[in-house]
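Student: The structure follows.
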Amino acid sequence: MTSRTTRIAGAALITALLSPVLASAHNVAAADRAALAAAQGAQPFIYAYLGAKHMVTGYDHLLFLFGVIFYLYRLRDVAGYVTLFAVGHSITLLGGVLGGLSVNSFLVDAVIGFSVVYKAFENMGGFRALFGVAPDPRVAVLVFGLCHGLGLATKIQELSLSRDSLAGNLVSFNVGVELGQLLALIMMVLVFTLWRRTGRFERQAFVANAVIMACGFVLMGYQLTGYFLGART
């Protein structure tokens, strides 16, 4: 078995082991649902905490961000791309809930899974290999940020939230999401820094992105299965 085949087989095994975890990427825990349902009036700390928790346990968001910063070596570039993502998901998170924008949660989460596949494919040079040119990554990050925010909005809309101070609570939730995202990014940048110092980063980058892509396909498959099964019932 060749070295490349061995690495790909390892990637497939890792993805298979992660599949049960990925399947619950966007779910809101029962205890969190109860806390939100019981919260009346302005509850900035509760919403901020739950927003941060949702981000750091939202494996679909984290996988996409991991792919986004995979080949970013300067903190200025990391900050720029993450800001685009934050702007995107803030617009649709707040606008989706307050504006009552209703979309099928399975379909929007499938698109979020596709965003993970897209970014990994881009990192692997797939667009340049097939088409000779790659789309502007900044536009892609902003567009997919809008999709990720809409995914968050659909989950919030499924909860029984008090309309009292809802706008302020949603802002607090979004602030928590940003804080959770910052914490996750600090850990990711640290991982990349240590990984690159080992001298194995370039050799392992292809397989790492293959794992990211496979995880994205798992997320897509899980959500599309839920959509089609729901359509039949």
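Student: Report the residue count in segment 161-175 for those that are β-branched (V, I, T) and either surrounded by fewer than 17 Cβ atoms within 10 Å (Cβ to Cβ) or more than 17 Å from I91 (Cβ to Cβ) (or both).
Tutor: Counting residues in segment 161-175 that are β-branched (V, I, T) and either surrounded by fewer than 17 Cβ atoms within 10 Å (Cβ to Cβ) or more than 17 Å from I91 (Cβ to Cβ) (or both) gives 1.
Student: While we're looking at this one, here's another question. In the list L93, L65, which residue meets the criterion of being at pLDDT 95 or above and part of a helix (DSSP H, G or I)?
Tutor: Exactly one residue qualifies, and that residue is L65.
Student: Please go through segment 150-160 and give me each residue that is surrounded by 12 or more Cβ atoms within 10 Å (Cβ to Cβ) and not basic (K, R), ordered by number.
Tutor: Hits for segment 150-160 are L150, G151, L152, A153, T154, I156, Q157, L159.
Student: V177: at pLDDT below 95 and more than 24 Å from F106 (Cα to Cα), yes or no?
Tutor: On the way: at pLDDT below 95: yes; more than 24 Å from F106 (Cα to Cα): no.
Considered against the rule, which asks whether it is at pLDDT below 95 and more than 24 Å from F106 (Cα to Cα), V177 comes out as no.
Student: Would you confirm, using the coordinates I've provided, whether N169 is touching a residue at least 60 places away in the same chain (Cβ under 8 Å), under 26 Å from L72 (Cα atoms), out of contact with any Lys or Arg (no Cβ under 9 Å at 6 or more places or on another chain) and assigned to a helix (DSSP H, G or I)?
Tutor: Judged against the criteria, N169 is not a match.
Student: Go over the candidates G100, G113 one by one and state the one that is over 20 Å from Y222 (Cβ atoms) and either of a type in the set (G, A, S) or not in a helix (DSSP H, G or I) (or both).
Tutor: The match here is G100.
Student: Output the number of the condition that F70 fails; it satisfies all remaining conditions of (1) part of a helix (DSSP H, G or I); (2) surrounded by 18 or more Cβ atoms within 10 Å (Cβ to Cβ).
Tutor: Answer for F70: the failing condition is (1).
Student: Continuing with this model, one more query. Criterion first (surrounded by fewer than 21 Cβ atoms within 10 Å (Cβ to Cβ), at pLDDT below 95 and over 25 Å from R74 (Cβ atoms)) does R200 satisfy it? Break it down into steps so the answer makes sense when it comes.
Tutor: Values: surrounded by fewer than 21 Cβ atoms within 10 Å (Cβ to Cβ): yes; at pLDDT below 95: yes; over 25 Å from R74 (Cβ atoms): no.
No.
Student: Given the conditions (1) loosely packed, with under 15 Cβ neighbours inside 10 Å; (2) in contact with a Ser or Thr (Cβ under 7 Å, 6 or more places away or on another chain), which single one is not true for C147?
Tutor: For C147, the exception is condition (1).
Student: While we're looking at this one, here's another question. Provide a single number: the residues in segment 85-143 that are within 17 Å of I69 (Cα to Cα), among the charged types (D, E, K, R) and either buried (at least 16 other Cβ atoms within 10 Å of the Cβ) or free of Cβ contacts under 8 Å to residues at least 24 places away in the same chain (or both).
Tutor: Of the residues in that region, 3 qualify.
The values are calculated or read from the model by the stated rules, or taken from the named source; none is laboratory data. Everything quoted here is computed from the prediction, not taken from an experiment. All Cβ positions, glycine included, derive from the backbone under ideal geometry; neighbour counts span all protein chains shown.
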